[in-house]
Amino acid sequence: MAHSSRLVDMVHERIEDFLAERTSILRSISADLEPLDGFSRRFLSGGKRFRALFCYWGWESVRTRGFDPFEAAAGPDRFPIVSAAAALELFHAAALVHDDLIDRSDTRRGLPAAHRLFEGLHADSGWAGDAADFGVDAAILLGDLLLGWSDEILDEGLDALADRASARAARREFMRMRTEVTAGQYLDILEERAWLVQPDDEQRVRAERVIIYKSAKYSIEAPLAIGASLAGANEAQLGALRDFGLPLGIAYQLRDDLLGVFGDPEVTGKPSGDDLREGKRTVLVAIARERLAAGQRRLLDELLGDASLSAEQVRMLQRTITECGAVDEVEELIARNAARAVAALDDAPLGNEARIELAAMAKTVTRRTS
């Protein structure tokens with residue numbers, strides 16, 4: 001746990017140093033670009049750093065010797081992995097900015113989403129035009145900037161790696177992750193609209209596909225593979241990490257789906273029932289539709305995606321989803337996938353300390369409340 005705590009600190013320091021260099025470029029262009037600096041730091045300052053941690057432990061799991069994050073002499077050795085972990089955090093920040101735009105979310109971690117921050121800046125400054133339009137336009141650009149920066153910080157780390165084959169392998173994993181998560185995001189918005197013309201018996205499978213590509217691979221499997229590739233992982237080691245990472249990623253997103261409907265806003269930083277108002281066609285919803293009588297299913301379909309749902313309507317939908325047994329079934333799926341992930345670590349050709357830490361992280365990410 002001390003290793004993980006120190007790794008989080010190192011990633012934070014790496015991001016801060018990188019931002020100091022890049023934002024100096026912005027300031028040299030114009031003082032008007034200061035919001036890009038301030039808002040980028042805002043979206044990179046918090047979070048659980050799960051992706052960074054999985055990246056690090058993927059790296060550590062294939063190392064041939066122990067790694068002491070406190071050892072000053074390890075500095076050059078750890079620079080590539082810390083940079084890769086930081087790149088994942090920058091990419092994630094970019095994805096959150098764009099995701100909030102797509103979902104039309106007003107908040108992120110209990111504070112205004114990026115487009116709302118820019119909208120407020122416009123309104124407070126008395127500028128011409130529509131404040132909401134400016135907020136959307138500026139947030140798209142902020143997300144693009146963070147996306148580009150994620151590539152830059154990754155490349156800085158890869159350039160410092162002596163093993164060029166490992167550097168190329170890590171880059172391939174990173175680019176594959178980018179393709180998969182973008183595909184998953186598209187499938188997510190597609191399901192919110194195309195469900196109406198899809199057979200009812202296909203909706204769970206289609207929702208599971210979204211989970212895999214939008215979240216499961218991106219959140220856990222890909223970070224593990226990127227870190228392991230940096231350390232020169234062989235196919236057996238990568239296979240073991242994928243066998244662990246994919247089911248755990250599915251469990252992770254299933255927990256997220258429950259929190260999106262039932263989470264405490266004081267903990268999640270999102271309004272209660274946010275996924276109901278956004279019309280998310282999750283596995284939870286697909287299971288509920290399978291279990292509900294025709295009349296209740298029609299009501300769920302009618303209300304899901306209504307941004308003006310009242311608190312009472314949200315509570316009614318929560319009761320409906322719970323009482324039909326969908327929540328219990330999702331909890332069973334979470335437990336089953338988490339167990340499958342941990343079982344994949346048994347006799348895996350990975351470092352013992354890393355296997356212990358990964359098993360502990362499996363509990364953390366599937367039992368979280370935010």
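Some observations on this one:
- Between the stretch 307-352 and the stretch 265-303, the alpha-carbon centres lie 14 Å apart.
- Stretchable slack from Ala123 to Asp347, in nm (0.36 nm times residue separation minus alpha-carbon distance): 74.7 nm
- Selection among Pro80, Leu284, Gly148 by position relative to the dipole of the chain gives Leu284 as farthest towards the positive end (Cβ unit charges, Cα centre).
- Put simply, the C-alpha atoms of the chain give a gyration tensor, and the ellipsoid matching it has half-axes of 34, 29, 16 Å, longest first.
- Using the Cβ of Arg171 as centre and a radius below 10 Å, the other residues enclosed give a net charge of 0, where K and R count +1 and D and E count -1.
- For the stretch 132-240, the solvent-accessible area with a 1.4 angstrom probe is 44 square angstrom per residue.
- For the pair Arg164 and Glu13, a Förster radius of 22 Å applied to the C-beta separation gives a FRET efficiency near 0.25, rounded to the nearest 0.05.
- The heavy atoms of Leu19 offer some 0 square angstrom of accessible surface to a 1.4 angstrom probe.
- Over the chain: helical MRE at 222 nm, DSSP H runs n ≥ 4 each giving -39500 (n - 2.57), nearest 500: -24500 deg cm²/dmol
- Label zone of Asp144 (point 7 Å out along Cα→Cβ, amide N under 14 Å): in the stretch 108-136 this covers 136.
- Surface/4 of the Cα convex hull for the stretch 170-270, nm²: 7.8
- Summing +1 for each Lys or Arg and -1 for each Asp or Glu among the other residues whose beta-carbon sits under 11 angstrom from that of Ala86 gives -3.
- Two tests apply to each whole DSSP H helix in the chain, Cα reach of 20 Å or more along its axis and mean Kyte-Doolittle hydropathy of at least 0.0, and the ones passing both are 75-103, 131-159, 235-262, 326-344, 352-366.
- Shape category assigned to the stretch 318-370 from the gyration tensor of Cα positions, a/c cut at 1.5: oblate
- Longest exposed-site-free window of the chain, the sites being trypsin sites (Lys or Arg not before Pro) in a DSSP loop that have at most 11 other C-beta atoms within 10 Å: 66-366
- Net charge in the neighbourhood of Leu33 (other residues with Cβ under 12 Å of its Cβ; Lys, Arg +1, Asp, Glu -1) is -1.
- Thr364-Gln318 pseudo-label distance in nm [points 7 Å out on the Cα-to-Cβ vector]: 2.8
The values are calculated or read from the model by the stated rules, or taken from the named source; none is laboratory data. Quick caveat: nothing in here was measured; it's all calculated off a predicted structure. Counting neighbours? That spans all protein chains shown, and the Cβs are built from the backbone with ideal geometry, glycine included. The protein model used for the area step is the full one, side chains on, heavy atoms only, and it has no ligands, DNA or RNA in it. Shrake-Rupley method; radii C 1.70, N 1.55, O 1.52, S 1.80 Å.
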